[in-house]
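Working notes, beginning with the structure itself.
The values are calculated or read from the model by the stated rules, or taken from the named source; none is laboratory data. Note that this is a predicted model, so its numbers are computed, not measured. Don't worry about glycine lacking a Cβ; one is built from the backbone with ideal geometry, like all the others, and counts go over all protein chains shown. Accessible surface areas use protein heavy atoms only, side chains included; no ligands, DNA or RNA. Shrake-Rupley method; radii C 1.70, N 1.55, O 1.52, S 1.80 Å.
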Amino acid sequence: MKNCIGKELSKIPMPVNFNEPISFLQRLTEDMEYGDLLTKASECSTVEESLTYLSAIAVSSYATTSCRTSKPFNPLLGETFEYDRADDFGWRSFAEQVSHHPPVSALHVQHDNWICYQSFSMTSKFRGKYLQVFPIGTTHFVVKSTGHHYTWNKVCTTVHNIIVGKLWVDQSGEIVVKEHKTGASARVKFHPYSYFSRETPRRVTGGVFSPDGSPKYELQGTWDNSMSCAEVLSSDGDNWDTAEQLTRWVKNAPLENSDKVYHFTSMACTLNELRREWRLLMRATDLTRD
């Protein structure tokens with residue numbers, strides 16, 4: 001184990017019981033669990049209001065990491081995953097592993113009102129007691145009716161107690177959501193956990209700013225549960241007078257006995273489902289037919 005300290009995760013052999021029964025392409029698709037926030041963002045009358053919803057969905061992609069510490073399987077080069085929820089959610093997605101060394105995944109999501117796409121890679125370092133994952137890549141969101149183009153990044157993920165103790169995950173860093181047509185932006189800071197702090201664990205704070213830099217909305221919440229915003233009525237430096245808090249995102253309730261299914265959400269449980277017509281085309285040895 002000491003020989004692995006300082007190495008990247010892709011160069012460390014991991015026991016298979018560290019994995020959960022989905023691929024990384026499927027895990028990347030889970031970023032769309034709260035895809036309705038993108039539809040709401042596309043329908044907002046102002047860019048600043050849209051940024052409150054986009055900040056929320058950027059934060060929501062980390063919600064499951066509070067209880068899911070398993071690693072998804074690495075996809076093969078050229079492997080794809082298609083997920084069609086046009087009938088109920090209004091969007092469909094297509095993911096592909098486009099590079100093997102370094103591993104790079106790409107995701108494209110299509111909706112009648114918007115397009116969302118991203119590429120994802122990462123670097124990682126094993127520090128002995130913990131593992132740090134540094135994401136590389138950008139998420140893009142384009143509203144078809146207005147042409148507004150938004151981008152945002154991901155933050156650093158730290159997995160603690162790699163060798164001894166119960167695994168737990170923390171997030172740290174800052175997400176910057178920017179609209180490139182107007183220059184408006186949002187900043188969301190992930191506060192790292194501190195044993196000596198009395199602040200709420202997994203806290204996120206931030207704000208939405210107009211093109212001239214003036215604050216328009218205050219953002220707050222926790223990355224594992226919910227996020228809200230409040231319109232800024234007046235500001236004096238870092239002191240903001242705000243209106244009532246408005247909820248932008250609340251985490252879906254966990255499944256009953258979720259601890260027995262890798263703490264999967266209801267969406268994650270559908271990722272390995274096959275359509276009835278596809279089942280009829282497969283050999284009986286490949287799966288158990290109904």
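Remarks
- The label-point distance for Val98 and Thr39, in a model that sets each label 7 Å from Cα toward Cβ, rounds to 2.7 nm.
- Extent along principal axes [Cα atoms of segment 49-102; Å; largest to smallest]: 39, 30, 20
- Long-range HN-HN contacts of Ala184 with modeled amide H, under 5 Å: Glu179
- For the options Ile162, Ile57, Ile175, a Gaussian network treatment of the chain with springs between C-alpha atoms closer than 10 Å singles out Ile162 as fluctuating the most.
- Taking each of Lys216/Lys251; Lys40/Lys189; Lys40/Lys71; Lys71/Lys154; Lys125/Lys251; Lys178/Lys251 in turn, the alpha-carbon distance tops 28 angstrom for Lys40/Lys71; Lys125/Lys251.
- 3J(HN,Hα) along segment 34-41, derived from phi through the Karplus expression 6.51 cos²θ - 1.76 cosθ + 1.60 where θ = phi - 60°, amounts to 10, x, 4, 5, 5, 5, 5, 5 Hz, with x in place of Gly and Pro.
- J(HN,Hα) series, segment 141-157, from Karplus relation 6.51 cos²θ - 1.76 cosθ + 1.60, nearest Hz, glycine and proline x: 9, 10, 8, 5, 6, 10, x, 5, 10, 10, 9, 7, 10, 10, 10, 6, 10
- Extension gain for Glu256 to Ser121 (0.36 nm times residue separation, less C-alpha to C-alpha distance): 45.3 nm.
- Gyration tensor over the Cα atoms of segment 9-75: the corresponding equivalent ellipsoid has semi-axes (square roots of 5 times the eigenvalues, largest first) of 32, 10, 10 Å.
- Taking Cα atoms only, the orientation of helix 47-60 departs from the longest principal axis of the chain by about 30 degrees.
- Pairwise label distance in nanometres, Leu281 with His108, each label 7 Å out on the Cα-Cβ vector: 2.0
- Here, segment 138-254 has an Rg and a Dmax of 16.5, 52 Å when only alpha carbons are counted.
- Given charges at beta-carbon only (K, R positive; D, E negative), |dipole| of segment 1-150 in Debye: 1120
- Relative pair counts by distance (%), Cα atoms of segment 99-151, 5 Å bins: 5, 16, 20, 16, 14, 11, 9, 5, 3, 1
- Formal net charge of residues neighbouring Phe264 (Cβ-Cβ distance under 13 Å; K, R +1; D, E -1): -3
- Of all accessible heavy-atom area on segment 133-243, the percent that carbon and sulfur account for (1.4 Å): 49
- Cα-Cα pairs of segment 153-209 separated by more than 16 Å (percent): 55
- Amide H within-cut-off set for Tyr130, under 5 Å, with H built and near neighbours excluded: Ile162
- Under 20 Å from the Cα of Lys166 - aspartates and glutamates, other chains or at least 8 residues apart: Glu20, Asp224, Asp259
- Cβ charges +1 (Lys, Arg) and -1 (Asp, Glu), total dipole of the chain, debye: 1340
- Taking every DSSP helix (H) stretch of at least 4 residues in the chain, weighting each as -39,500 (n - 2.57) and dividing the sum by the residue count yields a mean residue ellipticity at 222 nm of -3000 deg cm²/dmol.
- 5 angstrom amide H check on Ser23, placed H, neighbours 5+ away: Phe73
- Over segment 188-228, equivalent-ellipsoid semi-axes from the Cα gyration tensor in Å: 24, 11, 7
- Spin-label zone in segment 199-228 - amide nitrogen under 17 Å from a point set 7 Å from the Cα of Asp241 along the C-beta vector: 215-218
- Ranking His108, His140 by solvent-accessible area of protein heavy atoms (1.4 Å probe, all protein chains present), from largest to smallest, gives His108, His140.
- Here segment 113-185 is treated as an ellipsoid with the same Cα gyration tensor; its semi-axes, largest first and in whole Å, are 34, 11, 10.
- Normalised by 2.2 N^0.38 Å, where N is the number of residues, the alpha-carbon radius of gyration of segment 203-290 equals 1.86.
- Among the listed values [x] 65, 48, 39; [y] 88, 51, 35; [z] 74, 46, 36, the one computed from these coordinates for Cα extents along the principal axes in Å is [x].
- About its Cα centre, segment 86-217 has a charge dipole of approximately 580 debye under the convention of +1 per Lys or Arg Cβ and -1 per Asp or Glu Cβ, with nothing else charged.
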